[in-house]
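The values are calculated or read from the model by the stated rules, or taken from the named source; none is laboratory data. Remember, predicted model here, so these are calculated numbers, not experimental data. Don't worry about glycine lacking a Cβ; one is built from the backbone with ideal geometry, like all the others, and counts go over all protein chains shown. Accessible surface areas use protein heavy atoms only, side chains included; no ligands, DNA or RNA. Shrake-Rupley method; radii C 1.70, N 1.55, O 1.52, S 1.80 Å.
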Amino acid sequence: MFQKVTKSLAVLSMLSAFFVNCASAEPIVIKFSHVVAVDTPKGQSAEYFKKRADELTQGKVRVEVYPNSQLYKDKEEMEALQIGSVQMLAPSLAKFGPLGVKEFEVFDLPYIFEDYNALHKVTKGPVGKLLLDKLEPKGVKGLAYWDNGFKSFSANTPIKTPADLKGKKLRIQSSKVLEEEIRALYAIPQVMAFSEVYQALQTGVVDGTENPISNFYTQKMQEVQKYLTLTEHGYLGYAVIVNKKFWDGLPADIRGQLETAMADATEYANKIAKEKNDEDLESVRKSGKTQVTTLTADERAQFVKVLNPVHAKMADRIGKDIIDAVYKDTAK
Ligand code: LMR
């Protein structure tokens, strides 16, 4: 009898310890930092990933999204990821040069992608994978590509031809290809963190910039740029990346659930990106503050002619094999 009671007590205490443990098990936290507004393709997709991660892991993972450079600015966020202060980022493909993976700058070449379809042939194909794999020696794992859109130039004076940008100081992201692009226009490139652009435009530190419309509108650039011309001369999208040690250290079942959440978020991102940019273009037009110009075929051809030599000039930096592989994947 005594033995029976002791046994039952032992089982009870084991069970209660188990339940206490379950109740107090802290979720795994993923801090996801980014630099744009919540109401952008990246901002919305980060929120979507958070929701799917919560559903699929049944609360075992909590994704904390920090938008608007709230936690870190461009350069700092890469360092924060590497040392593990945050676990997830989605930097623009133009921001991997400082990390030492300059091949990503192939995405910055002017007019290299005719549209989203051409771009997806690369991001969903072997070149896209090869580029993500290049991140691993840096302690970073690439999980996915998320779209934003095609960049257009803005300034406080009208832009119809490349000559209209001559001598202007133009803010760019930290990419040597973009520097060369601006020089090809006889303009002056100014690398600057995204969080500083509005003020730089407002105070005249720079005269203009290039953005997909969703970034232009959500940063309220219509308040400080009188002219926006739909040059759509280059692509801006993202690589979603994680700290590799953190990712590899996750329990396999949870990592699998997060991979599914990421696949869902990627599908969502690439569905809403164009819609969001189109909507925001309408909003810029409606604001009545910025005059939006569409180029004629002849004006566009002038931009193509001036900017195309950037491809050959940057071949050594990016790797001619990579540029050629992109040409091949996107050839019609
Ligand atoms: C920029 O700096 O212009 C963009 O990379 C911001 C972003 O993340 O879309």
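General observations
- With Cα atoms defining each centre, the stretch 52-105 and the stretch 290-322 are spaced 29 Å apart in the structure.
- Antiparallel DSSP beta bridges within the chain, as percent of all bridges there, nearest 5: 55 percent
- Formal net charge of residues neighbouring Asn68 (Cβ-Cβ distance under 15 Å; K, R +1; D, E -1): -3
- Distance (nanometres) between label positions extended 7 Å along Cα→Cβ at Thr157 and Ile188: 1.3 nm
- Among residues other than Tyr227 with Cβ under 12 Å from its Cβ, the summed charge is +2 (Lys and Arg +1, Asp and Glu -1).
- Solvent exposure of the chain amounts to 47 Å² per residue of accessible area, where only protein heavy atoms count and the probe is 1.4 Å.
- Lys/Arg +1, Asp/Glu -1 at C-beta; the chain dipole; positive extreme among Tyr235, Val29, Ala325: Val29
- Around the Cα centre of the stretch 23-148, unit charges on the Cβ atoms of Lys, Arg, Asp and Glu (plus for the first two, minus for the last two) sum to a dipole of about 300 debye.
- Across Lys73/Lys276; Lys166/Lys220; Lys60/Lys124; Lys226/Lys289, pairs whose alpha-carbon gap is larger than 18 Å: Lys73/Lys276; Lys166/Lys220; Lys60/Lys124
- Positive-end residue, the stretch 62-199 charge dipole about Cα centroid, Cβ charges, pick of Gln199, Leu131, Thr161: Thr161
- The stretch 177-248 and the stretch 109-135 have their alpha-carbon centroids 20 Å apart.
- Cross-link reach list, lysines versus Lys129, counting only Cα pairs under 20 Å and skipping chain neighbours closer than eight places: Lys95, Lys102, Lys121, Lys138, Lys141, Lys244, Lys245, Lys320, Lys328
- Of the beta bridges in the stretch 84-229, as assigned by DSSP with both residues counted there, near 50 percent are antiparallel.
- Selected from His120, Ile182, Ala263, residue furthest toward positive end of dipole (the chain; charges at beta carbon): Ala263
- For the chain, the Cβ-based charge dipole about the Cα centre amounts to some 400 debye (Lys, Arg positive; Asp, Glu negative; other atoms uncharged).
- The GNM of the chain, with springs linking C-alpha atoms under 10 angstrom apart, assigns the highest mean-square fluctuation among Ala252, Ala94, Ala163 to Ala252.
- Within the shell defined by Cβ-Cβ distances under 10 Å, the residues around Asn270 carry a net charge of +1, with Lys and Arg each +1 and Asp and Glu each -1.
- The stretch 39-154: relative contact order as a whole-number percent, Cα under 8 Å and 6+ apart: 20 percent
- For the chain, averaging the sequence separation of C-alpha pairs within contact (under 8 Å, six or more residues apart) and dividing by the residue count gives a relative contact order of 25 percent.
- For the pair the stretch 251-271 and the stretch 137-169, the centres of their Cα atoms are 28 angstrom apart.
- Accessible surface of the stretch 59-132, 1.4 Å probe, proportion on carbon and sulfur as whole %: 51 percent
- Normalised convex hull volume, the stretch 86-162, alpha-carbon set, Å³ per residue: 128 Å³
- For the stretch 174-332, averaging the sequence separation of C-alpha pairs within contact (under 8 Å, six or more residues apart) and dividing by the residue count gives a relative contact order of 35 percent.
- Principal-axis tilt of helix 2-24 within the chain, Cα atoms, nearest 10 degrees: 10 degrees
- When +1 charges are put on Lys and Arg Cβ atoms and -1 charges on Asp and Glu Cβ atoms, the dipole computed for the stretch 33-95 relative to its Cα centre reaches about 120 debye.
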